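Participant: Let me begin by handing over the structure; questions about it come next.
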Amino acid sequence: MSSLDRDLVFTGLTRPQTFGGVTYSVVILNVIVTTELFLIFKSPLVLLGAFVFHGVGWLACLRDPRIFDIWLVKVSRCPRVRTWSIWRCNSYRA
């Protein structure tokens with residue numbers, strides 16, 4: 001069985017836009033959180049947290065660049081139900 005051929009143009013056109021190896025949604029989230037923390041703590045050490053957050057996002061985006069978008073859709077569309085603590089999953093049968 002032969003492996004599938006991938007066209008580089010198709011692969012490039014279907015990937016999301018990235019900045020520094022992470023998607024723009026992660027960059028925007030990082031900027032917002034870092035700015036808020038800087039305004040609260042008034043310390044430049046908050047920038048270290050921004051670099052750590054960017055590194056974690058970069059490692060996650062290596063496997064699948066849309067991992068954060070998929071996670072956001074899952075969280076917004078599949079909330080935990082009342083019986084989650086019993087079954088450790090969303091069981092809709094009471």
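Participant: Spin-label point model (7 Å from Cα, Cβ direction): what's the Val75 to Val52 distance in nm?
Facilitator: 1.9 nm
Participant: At 1.4 Å probe size, with the rest of the protein present, what percent of the exposed accessible area of the chain is carbon and sulfur atoms?
Facilitator: Answer for the chain: carbon and sulfur cover 68 percent of the accessible area.
Participant: Calculated from DSSP H runs of 4 or more alone, at -39500 (n - 2.57) each and per residue, what is the 222 nm mean residue ellipticity of the chain, nearest 500?
Facilitator: -19000 deg cm²/dmol
Participant: Taking only protein heavy atoms and a 1.4 Å probe, what accessible area per residue, in Å², does the chain have with all protein chains in place?
Facilitator: Value for the chain: 90 Å² per residue.
Participant: Continuing with the same structure: Tell me, what is the FRET efficiency for Arg15 and Thr35 to the nearest 0.05, using R0 = 30 angstrom and their Cβ-Cβ distance as r?
Facilitator: Numbers: r = 27 Å, r/R0 = 0.91.
With R0 = 30 Å, the Cβ-Cβ based efficiency is 0.65.
Participant: If Lys and Arg each add +1 and Asp and Glu each add -1, what is the summed charge of the other residues whose beta carbon sits under 15 Å from the beta carbon of Cys78?
Facilitator: Details: positive: Lys74, Arg77, Arg80, Arg82, Arg88; negative: Asp69.
Local net charge: +4.
Participant: Further question: Multiply the residue separation of Ser85 and Lys42 by 0.36 nm, subtract the distance between their alpha-carbon atoms, and state the gained length in nm to one decimal.
Facilitator: Once the chain is fully extended between Ser85 and Lys42, it gains 11.5 nm.
The values are calculated or read from the model by the stated rules, or taken from the named source; none is laboratory data. Everything numeric here is computed off the predicted structure, so don't read it as measured data. Note that each Cβ is placed from the backbone with ideal geometry, even for glycine, and that neighbours are counted across all protein chains shown. Ligands, DNA and RNA are stripped out before the accessible areas are found, and what is left, the full protein with its side chains, is counted by its heavy atoms. Shrake-Rupley method; radii C 1.70, N 1.55, O 1.52, S 1.80 Å.
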